Amino acid sequence: MTTGFDHAASAGTWTLGDRVVNRIGFGAMRLPQTGEAFAAGARPRGREQAVAVLRRAVALGVNHIDTAAFYFSSTRSANELINHALQPYPEDLVIATKVGPARDTSGAWMPMAEPGQLRGQVEENLRQLGLDQLDLVNLRVGGPGSIAEHFGALAELRDAGLIRNLGLSNVRPEHFDEAAAIAPVVCVQNSYGLGYRAKQDEFVASCRDRGIAFVPFFAIAGAGREAGASGAQPDAVTAIAHAHGVSTAQVRLAWALQRWPHLLAIPGTGDPDHLVDNISAGTLHLSPEEMQTLNNLHQTSP
């Protein structure tokens, strides 16, 4: 296994439920297609390239992969790619998936699953990934309102042995409190990044104080969301990137990792070079002055 500059352990580790993972992981959303995820007519990514990226990620120390059964293009499924590329799975690999939303065979989004439908979604993830038990299942929440019935259904599947750990995705603090009263919550997965969703800082800090992992998505893309990061970058980010000879994406990841010790990054890509850049962000040390500059920028965001 590769060690040194481009190894996922460079940013340290965190306990995710009952498993220890490197803080730089991998998000599989972009694997099945090129361009904007979930976009109509998105071009499927070449199978060989997607498989190579997954294998390279694990070789570079990634032992936390985030996926979902609804990550697919017309001919590619993230779960199937993971299964094909990485079986037999390394003993230290944690594969996290999520349930709640679903897409039909055309790719169109369907209504949020009812509590009784979650078992079918869990079993579909088990089948696609070739597993008997899912390491971590996040309940992806669709909006305000009680999640007690949905999370309770997942807690029953955990008790039945189909799931090892439970987490939450796209949630509010009140959702966390409601879920934690039903079963242990090992992580919160929300959209968050430098200059994006700064109002979540209090929630992120609350997770830290409880010893709960915070797993941001769109940490690089920000408001670009599924379309990816926009070309325009704040002057402060560009200047710091230039000073270190790195990309602005690496600065964004380094800021998040350095600011929050419980944050687990899951940058996603189908490009081998971008993969190495993302993992290398763990070795980028920002000075106190640079962190303050970026913190100030972050606080002025929506």
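Coordinate-derived values only; no laboratory data. Keep in mind it's a predicted model, so treat the numbers as computed, not measured. Every residue, glycine as well, gets a Cβ built from its backbone with ideal geometry; the counts of neighbours run over all protein chains shown.
Odds and ends about this structure:
- For the chain, averaging the sequence separation of C-alpha pairs within contact (under 8 Å, six or more residues apart) and dividing by the residue count gives a relative contact order of 20 percent.
- FRET efficiency, 1/(1 + (r/R0)^6) with R0 41 Å, evaluated for Asp273 and Thr105 via beta carbons: 0.80
- Were the residues from Gln299 through Glu156 laid out at 0.36 nm apart, the gain over their Cα-Cα distance would be 47.4 nm.
- Across Ile147, Ile279, Ile65, mean-square fluctuation computed from a Gaussian network of the chain (C-alpha pairs under 10 Å connected) peaks at Ile147.
- Ellipsoid fit via the Cα gyration tensor, the chain: semi-axes of 28, 23, 19 Å, each the root of five times an eigenvalue, largest first.
- DSSP assigns beta bridges within the chain; of those with both partners inside it, close to 25 percent run antiparallel.
- Site pair Arg164 and Ala232 shows an inter-label distance of 4.4 nm when each label is modelled 7 Å from Cα along Cα→Cβ.
- Built amide H within the under 5 Å cut-off of Asn138, gap 5+: Thr97, Lys98, Val99, Gly167
- Efficiency of FRET between Glu174 and Glu48 - r from beta-carbon atoms, R0 45 angstrom, step 0.05: 0.50
- Comparing Gly270, Pro173, Gly143 along the charge dipole axis of region 136-279, the residue lying farthest to the positive side is Pro173, per the Cβ-charge model.
- Relative contact order of region 20-189, pairs being alpha-carbon contacts under 8 Å that are 6 or more residues apart, as %: 17 percent
- Prolate is the label for region 86-136, because a/c, from the alpha-carbon gyration tensor with a ≥ b ≥ c as root eigenvalues, is 1.5 or above and a/b exceeds b/c.
- Lys, Arg +1 and Asp, Glu -1 on Cβ, resulting dipole of the chain about Cα centre, debye, nearest 20: 380 debye
- DSSP beta bridge pairing in region 20-189, given as percent antiparallel to the nearest 5: 15 percent
- The simple spin-label model puts a point 7 Å past each Cα toward its Cβ; for Ala39 and Arg210 those points are separated by 3.6 nm.
- Charge sum, other residues only, whose C-beta stays under 12 Å from Ser77's C-beta, Lys/Arg counted +1 and Asp/Glu -1: +3
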